[in-house]
1. Count the net charge of all other residues whose Cβ sits under 9 Å from the Cβ of L243, scoring Lys and Arg as +1 and Asp and Glu as -1.
2. With a ≥ b ≥ c the root eigenvalues of the C-alpha gyration tensor of the stretch 147-246, is it rounded (a/c under 1.5), prolate (a/b larger than b/c) or oblate?
3. Give me the extension gain from A168 to V196: residue separation times 0.36 nm, minus the current Cα-Cα distance, reported in nm with one decimal.
4. Please label the shape of the stretch 2-137 as rounded, prolate or oblate, based on the square roots a ≥ b ≥ c of the eigenvalues of the alpha-carbon gyration tensor (a/c under 1.5 means rounded; beyond that, a/b larger than b/c means prolate, else oblate).
5. Assuming R0 = 56 Å, what is the FRET efficiency of V412 and D67, from their Cβ-Cβ distance, to the nearest 0.05?
6. Set the Förster radius R0 to 41 Å, insert the Cβ-Cβ distance between A204 and Q310 as r into 1/(1 + (r/R0)^6), and round the FRET efficiency to 0.05.
7. Going by average Cβ density within 10 Å per residue, which order do the peptides 43-56, 430-443 take, highest to lowest?
8. If you work out Cα extents along the principal axes in Å from the coordinates, which of [x] 71, 58, 43; [y] 68, 47, 46; [z] 67, 52, 43 do you get?
Amino acid sequence: MADEKERRHQHFLVVAYGAQSHVNPARVLAHRLARLGGADDGSILATLSVAVAAYCNMFPSLDATTDGVISYVPYSDGVDDVSLPRDIADRARRRRASSESLSGIVASFADRGQPVTCIMCTMVSPPVLDVAREHNIPLAIYWIQPATLLAIAYHYFHGYNELITSHANDPEYEVCLPGLTRPLQIRNFPSFFIDVSGTERAKAFIEVFQELFEYMDLWRPKVLVNTFEELEPNVLAEMKQHLDVFTVGPMVRSPMETQIHLFTHDNIDKESYMEWLRAHPDESVVYVSFGSLVKFSKHQIDEIVGGLRQCGRPYLLVLRRDGIEDDQSHSLVENTQSQGMVVDWCDQLEVLSHSAVGCFVSHCGWNSTIESVVSGVPIIGVPLMFDQPTNIYLAEKEWEVGIKVERNSDGVLTGKELARCIELVMGEGAEAKVIRERANVLKEIVQATSDTGGSAERSLRDFVKTIQES
C-alpha cells in the first residue's frame, strides 16, 4: 500500500513571474491541478511560488501559506523589490539567487515528504531551467499566451529571425509562418521580436527566449498552452509536430472564486462599482482597462475620457494612480459626471461577466483577451507592447469578435477615434451585429470546453498522466 501511495503522489511546483498577467493564470493552473486529485485524497499537490516582492503584495500579512486548495511559497531573487535588472551582471546575480532559493524550496519539500515531481514556469524563467537540471525534475513550460505566439516564437528561433528583424521597420511587410492561416504583418508581431533598438532590455528578451527554445529542442519538455483547440486549430496542429503541446485553456477562474490582486482592492470598492453596474441595462456599459503595466500621459487620458463622454454611453474606467504620468490628470476624471465611473482597480472577470457590459476597451494582454472571449464581450483593442498587437489581430481578423483602434501620427488614441470604435461595436450596424454574434458563439464553445469532463480537463489529465509515467 505504501508503494501505491508513493506512486500516486504528484507535487507540481508552479513558478510564476511576479506580474498580475502571470500570477492569475498560474494560480488557476495550480488550482486545477490540485482539484484533479479530488478533494480529500491528496494524490495531487500544487504549490505556487512567486518572488518575494509579488508575494508581499499578494499577502501583505505574510501569513498565508495555503488557501485550502494549493500552497504558496516565496522565493528570493536577491533583491526582493520590483526593480528590473540594470545590466547583464545584475541579471546574472538575480538568476543565481533565484536558482539557489528555488533549489532550497525543492529540497525543503523533499525533507517534508512532499517531493516536487514536476516544476513548471510561466513562459520564460532561466532559474527554473537551472533547478530542473540540478534536481533532475521533469520540467513543463506553461505558455500563458496564445498558440499563435508560441508558433511565432518557435519559428523565430528556427530560421525566421533574420527575415523578421530585417523588416522590423516596415510595419506593412508580410511574413508567412507555418500554421498561420494568413501572412502576418510586421505591425502584428510581438514587440520583443521586432525591437531592434539594441537596448539591454531588448537583448535580454531575445536571450532568455533563445535559451528556452534551445532547452526545448534538447530536452523536449511538455508545453501547456492557455488556449483551446477550437480557437486556434491550425496553428496548434502545426506546433504539435514540433513540441509536446497540451491545450489546457482557457485558464480563467470561475467568477465565484476569489481573486488575488497585486493592487489595492477591497470589498467596499467592489460593492460600489458592482452596484453601479446593476443600475444599467444589459449591454449598455463600456468597460475600459489597460492592464497593470501601462502609463499614460495627461494628454492621452484627456483624449480617452473625452472620447468616452463623446460616445454618450455609460462607462466604467479603470485608472490606476501609478499608471498616470502626471497625477494631476487624475482630477480630470475622479469626479466625473453621472455618465461614468472611475476606479483604481477592479475584479475584471466579475465586471466582464456582468450583463450590463457591452464592450471592453483593452490593451489586449492575453488574460484580458481570453477573459473577454469567455464572457462573450466584444473587444476594442488598444495594443501597446509585448503580445498585445498579435492578440488584437487574432480577435479582429481570425475570430471577428472585436476591432483595433487606429492612433494618429503622434501615436495618440484620439477621443474621436475611440468614440467611433465604440459606436461601431455597440451600435446597430451590420458589423456590430456580426461581432456580437461571433462573441456569443465563442462564449458557448468556451463553456463546453470548460465544463467538468470537457476538453480542457481531459488535456490536463493527459498531461498529469505523462508526468506520472515519466
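1. Numbers: positive: R220, K222, K240; negative: D244.
Summing Lys and Arg as +1 and Asp and Glu as -1 gives +2.
2. Values: a/c = 2.10, a/b = 1.25, b/c = 1.68.
The shape class here is oblate.
3. Working: separation 28, 0.36 × 28 = 10.08 nm, distance 0.72 nm.
Result for the pair: 9.4 nm of gain on full extension.
4. Numbers: a/c = 2.13, a/b = 1.51, b/c = 1.41.
The shape class here is prolate.
5. On the way: r = 42 Å, r/R0 = 0.76.
In this case the efficiency is close to 0.85.
6. Details: r = 41 Å, r/R0 = 1.00.
According to the calculation, E is roughly 0.50.
7. Order by mean packing, descending: 43-56, 430-443.
8. Given [x] 71, 58, 43; [y] 68, 47, 46; [z] 67, 52, 43, the calculated one carries the label [z].
Computed from the coordinates by the stated procedures, all read-outs in this text should not be read as laboratory data. Just so we're clear, the structure is a prediction, and the values are computed from it rather than from any experiment. A quick note on method: Cβ atoms are made from the backbone with ideal geometry, for glycine too, and the neighbour counts reach across all protein chains shown.
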